1. Testing the spin-label approximation: label points 7 Å from Cα along Cα→Cβ at residue 297 and residue 889. State their distance in nm.
2. For residue 490 and residue 839, what does the FRET efficiency come to when R0 = 56 Å and r is the distance between their Cβ atoms, rounded to the nearest 0.05?
3. Largest first, how would 16, 646, 260 line up by accessible area (1.4 Å probe)?
4. Just grab the label-to-label distance for residue 413 and residue 227, each label 7 Å out from Cα along the Cβ direction, in nm (one decimal).
5. How large, in Å, is segment 508-589 by the Kirkwood hydrodynamic radius built from its alpha-carbon pairs?
6. Over 25 Å between C-alpha atoms is what I'm after, so list which of 463/619; 244/324; 396/422 land there.
7. Is segment 380-500 best put as rounded, prolate or oblate by its Cα gyration tensor, with a ≥ b ≥ c the root eigenvalues, rounded for a/c under 1.5, and otherwise prolate when a/b is larger than b/c, oblate when not?
8. Just add up the charged neighbours of residue 576: K/R +1, D/E -1, any other residue whose Cβ is under 14 Å from the Cβ of residue 576.
Amino acid sequence: MWVNPEEVLLASALWMTERANPYFILQKRKGHGDGGGGLAGLLVGTLDVVLDSSARVAPYRILYQTPDSLVYWTIAHGSSRKEITENWEWLEQNLLQTLSIFENENDITTFVKGKIQGIIAEYNKSHDIREDDDTDKFKEAIAKFHKLFVMPEEEKLVNYYSCSYWKGKVPRQGWLYLSINHLCFYSYLLGKEGEGVFSTNELTPKKCSGLFQYYICFSDFRDLDARAKSERYRALFRLPKDEKLDGHTDCTLWTPFNKMHILGQMFVSTNYICFTSKEETACSLIIPLREVTIVEKADSCNVLPSPLSISTKNKMTFLFANLKDRDFLVQRISDFLQQTTSKIYFEREITGSLSSSDDEVGTFNLNDSRVPTATQALMTMYRRRSPEEFNPKLAKEFLKEQAWKNHFTEYGQGVCMYRTEKTKELVLQGIPENMRGELWLLFSGAINEMATHPGYYEDLVEKSMGKYNLATEEIERDLHRSLPEHPAFQNEMGIAALRRVLTAYAFRNPNIGYCQAMNIVTSVLLLYAKEEEAFWLLVALCERMLPDYYNTRVVGALVDQGVFEELAHVYVPQLYDCMQALSVISTISLSWFLTLFLSVMPFESAVVVVDCFFYEGIKVIFQLALSVLDANIHQLLSCKDDGEAMTILGRYLDSVTNKDSTLPPIPHLHSLLTDNGEPHPEVDIFKLVRSSYEKFGSIRADVIEQMRFKQRLRVIQAIEDTTKRNVVRTIVTETPFSIDELEELYTLFKAEHLTSCYWGSTSNPMSRHDPSLPYLEQYRMDLEQFKVLFALLFPWACGTHTDDLALRVFRLLDHNADALINFREFICGLSVMCHGDLTEKLKFLYKIHVLPGGQFIELCKTLYNMFSEDPSEQELYHATATVTSLLLEMGEVGKLFCSPAHKTDEEDEDERIAVPSRSKQERHQLEDSSPKDTATSCAMLLSDDDTSVSSYSVLSAGSHELQCEDIAEDTVLIRSGAAAAGHHGRRGGLPHSVSIDKDWAITFEQFLASVLTEQALVQYFEKPVEIAARITNAKNVRKVGHQHMSLSDYEISLSG
């Protein structure tokens, strides 16, 4: 492939020249392919692998050089001789003669470089190739991964590492590639290749430990990289999920509130400029580009080198200094500003056109006409104070409000406010009631998403209202359970607002939809924020601050439960063993975390926790939970069971009070408080929060994220293991397979489903994996996936007839006819074939040929192919021919007793199945033929070369059509061997002259009786099948299926 020209100083080092002309040189890397340079070549090949040289994936290259220059330029490289030869021939045919016209060597170089860059640009344009986050080094790794292990393009590389693979006592240095579905290893040492491919489904931490020893982790592969840095950046400043970090640099920020230059880092992304100080709590700053009016370079001086001034719409100016590459930084910010301005103008145009349009567009109303509209935070509508009302609580609330107003004056107000230790102190003292909604929006980052998505919530409400699904049903059920003790939700206004917000979010994010506990949190958000603000706060909670908490399996809450257990082990070790023995931690953490203590504390106290959560994030919840355990440590150590422990904790939380609250007391009955003992002494919420900071404030957010990552793998594996155990437990009594065999089969079933969906399928695997469904329905398989496992596991699968037989089996197993089968249905069919008795197996075989489109001749073909690799193949074949003859004769005899005169009712007709009618000559031939002759005729029919026995469907019989519902379950279509043989060589099935005769029938009893006459067939069907060997073979085939050619094989396949 063509590459942007790069300068090369030593053209011959480690490379061998194969072709050359006055301007271009084609070279091959030493140590690659046959004749690679002896010992030196082996050493070069080894170094390429160990040092991750790009020559390993592209061992051929073309250099450009002018005759009088010592400088070479790489203009193309290739993975094979064929690929590089195509580039070489293009150069000779299109460029070589043209270059001889130029007189100046600089002009030649400029022309060649421009030509190559033009080719690359044209290719990228025609193939819609865009720039991405991946570094060049990582792109090389992707190419190596796909080439070395022959992986499909859909298999995405996640990361790669330098490591050694231990085999015996000798480690092999190489590279470990981690993709979505595989763990792959490659090494090349002194001419010997070592390769391994492991499916992630088969890997466990125990299996991996000791297998690989990591030596170094490269810092150049995505740095865990652009994406990881962007994630940390978004989490640190609470930015929208799609914000991508462009870069960061050290600098200083002038802080007018203390008149100092604070050392820290500036972060620049597509829509934001952010700053955080080196000293964690000193200062942080978020400047949305939509708020920026001026970016200018100030004059440098000794005190203030390379300063940059940024002004915003709210008249604030921020002065950064000590910036490296200031000019480049200003250019990047200017580029992003231009994009932001364009977006704002576009949004204004759209909004303006909508608002000025006629009635045909219609005006949006946040509610329908049946209920009043909540135009403000619900709390303000239920707080009625008389002007003369004044008491110490209100005085304290007034002082809090004044403190925040003074803070805004000194540090700025809105999203561009300086956030310092003073801000945190004010939050810990409690946010005033009438400022809560505004500050929650600010600290959560929800204000940014709301500002950049004008009209989004209204559109969602308009689209979602009046539509019904499972989520809306659950929402309706829980509406009146959301803070029922609060007057705001004792009338239709509050209930309707809650319905709209929850329904809108369910339509925004159908993967979550609605989960219990969302109603409690959302109702609190509505008390302090307007509807649209509450919606964006809910988005921030569900999608950024509490990821994966509110889904069917509450994975995020389970992850944080594991993190909490780890933290408890570190910070309250004396209590940890007791709590684990009583299984208390897992019980309490879910209810505490899912509702942010709102369901376990008095309301006026719990909102203080929510204040701190929106400012500091999840670390506050962990700190507070540890403080609650620590405060009750002695009582908990004396508990004898989990019920006693839960009662102690419930009474403690119920006693947490907020003496500063100006709200009227709201009744709160804690669900865990079950005894009639003395109430716990009151605990002040502000003292409890401060205590949590003093004792456990050292817990850092980045450490929590690392712990979450580790726990997530464990939780997901535990969920999958639980699903597998429940599925196996459900069906183990229905099948003769052992539990171990069922678990192995389930793993194969699930792996085939996910892998085939992921690799190149048009269907989304998650569309058929709904965690809310019963365990047995969570993974289902379509026909194409079933065919793969049918060929690997089912004993009747053999030969070219396998896919057709798999189709028939699939239709029979698909009871609800949705073109998908679950694991129970899959095992049902496999159990019959492996462990069924003779009658069950024959009944199953009979039924799969009764289904629409089934016919007797296909049954014969199935039998013949089934025996094609059996040691007793000839004997079974002759036995099949004999049985076929018997069945044909039975059909003839049955016809004699089934004249229209003998039909007394409709049931007699339903017991028979239509078959092609014969001429008198054909019947005479059948009557005169011996069993041997008939067997010969059947052999001709079953021959793969005889296309006259192609499928005959009863639905294509013209005016004599027989509907499928007329076919009884215990009868099967038959077609005479003589009739088919008489038309040998004719394609397209039955001749047009053949009509349907409804008087010819073969019942299952006749089929069974015929098979019982042949001992060879009886022995074959009575023989049990050991599934263990087939499972092992299936696992091996799956591994081999994703194996790859050696490098030398790859070279040969491409070059010749």
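The values are calculated or read from the model by the stated rules, or taken from the named source; none is laboratory data. The shown structure was predicted, so the numbers you read here are calculated from the model rather than taken from an experiment. We place every Cβ from the backbone using ideal geometry, glycine too, and count neighbours over all the protein chains shown. The protein model used for the area step is the full one, side chains on, heavy atoms only, and it has no ligands, DNA or RNA in it. Shrake-Rupley method; radii C 1.70, N 1.55, O 1.52, S 1.80 Å.
1. 10.5
2. Details: r = 67 Å, r/R0 = 1.19.
It comes to 0.25.
3. Working: 16 50, 646 25, 260 100 Å².
The ordering from most to least exposed comes out as 260, 16, 646.
4. Reported label-point gap for residue 413 and residue 227 is 4.3 nm.
5. So the Kirkwood estimate lands at 14.4 Å.
6. Working: 463/619 37 Å; 244/324 21 Å; 396/422 18 Å.
Table pairs above 25 Å Cα-Cα are 463/619.
7. On the way: a/c = 2.75, a/b = 1.46, b/c = 1.89.
The shape class here is oblate.
8. Numbers: positive: none; negative: 565, 566, 577, 630.
Around residue 576, the charge tally is -4.
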